[in-house]
Amino acid sequence: MKQKWLLLLTIIVMLASLLVACGGGETAKTDCSQDATPPPLAKKDSYKVGFSQVETNNPWRIAETESMKAEATKLGHELVYTDAGGSEAKQIADIESMIAQKVDLIFLAPRSEQALAEAVLKAKAACIPVILLDRDVDHSIAAPGKDFVTMIGSDFVEEGRLVAEWTAEKTGGKAVIIELEGTVGSSPANDRKKGFDDEIAKYPEMQIVASQSGDFARDKGRTVAETLLQAHPDTTVIYAHNDEMAIGAIAALEAAGKVPGVDVLVVSIDGTKDATQAILDNKLGATCECSPKFGPKAFEVMAGYANGETFPAKIVNPDRFFDITNAAEYLPEAY
Ligand code: AHR
């Protein structure tokens, strides 16, 4: 009888060890919403990774997507790519679809700070870690180091400040300025405005007479510039939050019979090929780089996270500044 019990006990112990060895001893977590840190990422050779892009209406976005796709392919990861077409609602639905597809991690380039912060919380609740690319979300809703791993991107405030500093020097601190803002509620629009506005506040004779969103798009930049130029024909500077809107503004100036670079100085941010060529054509004064080449850094951070590394709230991409003194040298690598 004693032997029978011993045999039964041995079988139970063996079955239990087998279960643990097969992973059956650990129940996969299904709700991480209350956790104090972002969901962990298991160490694997290859991952199924989501990349949620905002839109594909400009060279910057195309270069960012290409960089992400190329690095995923190089490293042998499966990339689930979505393009929100400039819609917050679509981008939230894209994240929900990635959650349903059980991706291992989501790279998110959020269109706006508030609406997409909620999408970050949804991914966290589903125990999927998120790394933000290029734009931030509202930290009072979703916090770095708690709800998402980190944000990789440029210092947008500094970009705006550098453009303002250059403009102040070129104009001798005297200018009538139209500001073409980026997408309403997005971190680059908020921060580039702050950096520029704070810097020119040091110059009493530099005045922003009109400031309106052109949604980071060339055609909208053109129509907004046309309207604002009619209302303010004495404008001497147009500051655009990105190169596409600056190219649109140059077209608006030419249509109004003004000579860009002579009658009105145009300045912007990104470092696209068209903008660099416009500098060489003396139509654009300067552009501050905002690098879209996220692929290598993004996947390096993902691997580090799987290895247990911790990251600061933001990993800052270094940016350069281009004007007539260095645009020709930069042109071959511009996107
Ligand atoms: O978030 C970065 C900005 O978004 C780029 O300056 C702009 O071109 C893009 O659409």
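The values are calculated or read from the model by the stated rules, or taken from the named source; none is laboratory data. What you see is a predicted model; the values in this text were computed from it and never measured. For neighbour counting, all protein chains shown are included, and Cβ atoms are generated from backbone atoms with ideal geometry for every residue, glycine included. Keep in mind that these areas ignore ligands, DNA and RNA; they rest on the heavy atoms of the full protein, side chains included. Shrake-Rupley method; radii C 1.70, N 1.55, O 1.52, S 1.80 Å.
Computed values, structure above
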| read-out | value |
| --- | --- |
| Failed item, numbered, when Ile315 is tested on (1) open to solvent by less than 50 Å² (accessible area, probe 1.4 Å); (2) outside any strand (DSSP E or B) | (2) |
| Options Glu159, Glu181, Glu165; residue that is among the charged types (D, E, K, R), at pLDDT 95 or above, open to solvent by 10 Å² or more (accessible area, probe 1.4 Å) and touching a Lys or Arg at 6+ places or on another chain (Cβ under 8 Å) | Glu181 |
| When residues of the range 34-66 are limited to those that are part of a loop (DSSP other than H, G, I, E, B) and polar (S, T, N, Q), the one nearest to the ligand (Cβ to nearest atom) | Asn58 |
| Any hit, the range 134-147, residues being of a type in the set (A, V, I, L, M, F, W, C), touching a residue at least 60 places away in the same chain (Cβ under 8 Å), within 15 Å of the ligand (Cβ to nearest atom) and in contact with a strand residue (DSSP E or B) (Cβ under 9 Å, 6 or more places away or on another chain) | no |
| First in the range 247-272 and in contact (Cβ under 8 Å) with a residue 12 or more places away in the chain, second anywhere and small (Gly, Ala, Ser) and assigned to a strand (DSSP E or B), Cβ under 6 Å, 6 or more apart | Ala249/Ala240; Val267/Ala286; Ser268/Ala240 |
| Residues (touching a residue at least 60 places away in the same chain (Cβ under 8 Å) and surrounded by fewer than 19 Cβ atoms within 10 Å (Cβ to Cβ)) located in the range 284-312 | Lys293, Pro296, Lys297, Ala306, Asn307, Thr310, Phe311, Pro312 |
| Matching residues in the range 240-256 - criterion: being of a type in the set (A, V, I, L, M) and not in a helix (DSSP H, G or I) | Ala240, Ala256 |
| Boolean, Asp134 is in contact with a Pro (Cβ under 8 Å, 6 or more places away or on another chain), modelled with pLDDT of 95 or more and of a type in the set (D, E, K, R) | yes |
| Residue list for the range 256-292, filter: within 16 Å of the ligand (Cβ to nearest atom) and among the aliphatic types (A, V, I, L, M) | Val266, Val267, Ile269, Ala275, Ala278, Leu284, Ala286 |
| Residue check for Ile269: in a strand (DSSP E or B) and farther than 18 Å from Asn282 by Cα | no |
| Those residues of the range 99-114 which are more than 13 Å from the chain's Cα centre (by Cα) and without any contact (Cβ under 8 Å) to a residue 60 or more places away in the chain, in sequence order | Ile99, Ala100, Gln101, Lys102, Val103, Ile106 |
| Number of the exception - Ser52 against (1) modelled with pLDDT of 95 or more; (2) open to solvent by 60 Å² or more (accessible area, probe 1.4 Å); (3) among the hydroxyl-bearing types (Ser, Thr, Tyr) | (2) |
| Residue within the range 88-98 that is within 16 Å of the ligand (Cβ to nearest atom), outside any loop (DSSP other than H, G, I, E, B) and in contact (Cβ under 8 Å) with a residue 40 or more places away in the chain present | no |
| Residue check, Lys69 within 29 Å of Ala275 (Cβ to Cβ), away from the ligand (no atom under 16 Å from the Cβ) and either touching a residue at least 24 places away in the same chain (Cβ under 8 Å) or over 15 Å from the mean Cα position of the chain (by Cα) (or both) | yes |
